[in-house]
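Quick note: the coordinates plus some simple rules give every number you see, no bench work behind them. None of these values were measured; they are calculated from a predicted model. So basically every Cβ, Gly included, is an ideal-geometry build from the backbone, and we count neighbours across all protein chains shown.
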Amino acid sequence: MNDKKDICEICGKDLVYALTPKEYKDLTCEFCGKIFNANTFCEDFHYICDSCHQRKAIKIFENVTETT
Ligand SMILES: [Zn+2]
Ligand SMILES: [Zn+2]
């Protein structure tokens, strides 16, 4: 069973999902500092953009392959 819950990677709170473009927020990525119109963000308005998410996932993957 894969029960993966989306939480903020900065503070661990639940993520908020904007249902309409009106609810999207212009937020600064915590990692690269660029501003994005985000539809998924922390309730404290932390945000990590897709490319930083991917970079992080790749890094984790590399670490896993290194240690195994
Ligand atoms: Zn947060
Ligand atoms: Zn970023």
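Extension gain for the segment ALA57 to LYS13, taken as residue separation times 0.36 nm less the Cα-Cα distance, is 13.9 nm to one decimal.
Amide H contacts for VAL16 (H built 1.01 Å from N in the peptide plane; partners 5 or more residues away or on another chain; cut-off under 5 Å): PHE41, CYS42, GLU43.
Given the rule -39500 (n - 2.57) for each run of at least 4 DSSP H residues, summed and divided by the residues of the chain, what is its mean residue ellipticity at 222 nm, to the nearest 500 deg cm²/dmol?
Working: 1 runs with 18 residues, N = 68.
Rounded to the nearest 500, the figure is -9000 deg cm²/dmol.
Using every pair of separate Cα atoms, the Kirkwood estimate puts the hydrodynamic radius of the chain at 13.2 angstrom.
To the nearest ten degrees, helix 50-67 and the longest principal axis of the Cα atoms of the chain are 20 degrees apart.
Given a Förster distance of 22 angstrom, what is the FRET efficiency for LYS25 paired with VAL64, based on the Cβ-Cβ distance and rounded to 0.05? Mind showing how you got there, number by number?
Numbers: r = 33 Å, r/R0 = 1.49.
Rounded to the nearest 0.05, the efficiency is 0.10.
Using C-alpha pairs below 8 Å separated by at least 6 residues, the relative contact order for segment 15-67 is 30 percent.
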